[in-house]
Amino acid sequence: MSGKKEKKHFIVGVIMVAIIVAATMIYCYINRFDPQEYVQAFLDVSYKQKTESYIKQTGISEKEAKQVFEDNLAYTMEKFPEHVMTDEMAEEYRELFADLAKKTSYTVGEATREENGTYQVVLTVKPITLLKDTYAEFQEKAQEYATKVSNDVMNGQAMPEETQMQTEIYQIYYEVLSQTAKKGLNYGKPNKIVLHVEKDKEGKYGIRKADMQNLDHLLIESVEEEQCEENG
C-alpha cells in the first residue's frame, strides 16, 4: 500500500509540475510584449483614431486613447499661426488634417531586438503628396490675390493690414487643399523608416520621439525647401 501511495504522489507531483509549466508558458505568451503589434496599435490610434488595439496593449481608458489622436492633431496645428486664422478657419484646417491623417499609408514590418532591450521596427510609408501636388496652383492663386490688392491700392483703396492679407492667403490655401483632396489623394514612392521602441523610466514601452517626428514629415510629403526659398 505504501508503495502505491508513493507512486500516486509521484504521478500527482509530475502532473502538477506539468500544469505549472504550462500555466507559466501561457502567462508569458499572453503577457509577452510584441513590438510589431504595439507599433501598429500606436500608429492606428495616433493617425486613424482606432482605439481598440491600443487599449488592449496599454490598458488605458477609451478617453485616454482618443486623446492620443487629438494630441497628434494638435501638434500638426501648432505649425499654423493662430493670429492670422479665424476660429472657423482653424476648425476647417483641423478637420482637413484629421481626414488626411486617417488616410495616411504605413505598413509595419519586421522587428529586431537590440542588446539593450530596445526594439527596431521597420516601417514602410507611402507619403500623401497633396501639399506638393497643389503648390503650383496655390502660388498662382496667391499671385492673383496680390495683383488684385495692388490694383485696388492703385485705384485709391487703402492697403489692407498685413494680418488681413495673411488671413486671406491661408483661406486661399485651404480652398486649394480641400478641393483637391475631395477629388482623391495621390501617394508617393514608398520610404522605409526604422522606429525605435524603448522603455521609459517607468518601464513602459514607447516609440522614440525623434522617430515619430520624422514619421510625421514622411506621411504627408512637404513642399521641397528650395521651392519655398525661391518663392518665400
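The values are calculated or read from the model by the stated rules, or taken from the named source; none is laboratory data. Model, not experiment: these values are computed from the prediction. All Cβ positions, glycine included, derive from the backbone under ideal geometry; neighbour counts span all protein chains shown. The area values use the complete protein model at the heavy-atom level, side chains included, leaving out ligands, DNA and RNA. Shrake-Rupley method; radii C 1.70, N 1.55, O 1.52, S 1.80 Å.
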Within the stretch 168-190, identify whether any single residue is more than 26 Å from Tyr47 (Cα to Cα) and not aliphatic (A, V, I, L, M), and answer yes or no. yes
Pairs under 6 Å by beta carbon, first residue acidic (Asp, Glu) in the stretch 128-140, partner open to solvent by less than 30 Å² (accessible area, probe 1.4 Å), six or more apart or different chains? Glu137/Val176
Pairs with Cβ under 7 Å, 6+ apart, first in the stretch 55-82 and within 22 Å of Asp200 (Cα to Cα), second assigned to a helix (DSSP H, G or I) and open to solvent by 50 Å² or more (accessible area, probe 1.4 Å): Ile55/Glu62; Gln57/Glu37
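Yes or no, residue by residue, for (1) under 14 Å from the mean Cα position of the chain (by Cα); (2) of a type outside the set (Val, Ile, Thr); (3) farther than 19 Å from Glu168 by Cα:
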site	(1), (2), (3)
Pro35	no, yes, yes
Val39	yes, no, yes
Lys48	yes, yes, yes
Glu64	no, yes, yes
Glu92	no, yes, no
Ala98	yes, yes, yes
I'd like to check something: does the stretch 88-99 contain any residue that is of a type in the set (A, V, I, L, M) and in contact with a Gly (Cβ under 7 Å, 6 or more places away or on another chain)? no
Can you spot a residue in the stretch 202-212 that is assigned to a helix (DSSP H, G or I), at pLDDT 90 or above and either touching a Gly at 6+ places or on another chain (Cβ under 7 Å) or among the hydroxyl-bearing types (Ser, Thr, Tyr) (or both)? no
Kindly indicate which of Val14, Val39, Val21 is part of a helix (DSSP H, G or I) and modelled with pLDDT of 95 or more. Val39
So which of Thr107, Thr118, Thr112 ends up being touching a strand residue (DSSP E or B) at 6+ places or on another chain (Cβ under 7 Å), without any contact (Cβ under 8 Å) to a residue 12 or more places away in the chain and either open to solvent by 30 Å² or more (accessible area, probe 1.4 Å) or within 26 Å of Lys204 (Cβ to Cβ) (or both)? Thr112
Flagged in the stretch 140-159 as open to solvent by 100 Å² or more (accessible area, probe 1.4 Å) and over 16 Å from Tyr173 (Cα atoms), in numbering order, are Lys148, Met154, Asn155, Gln157, Met159
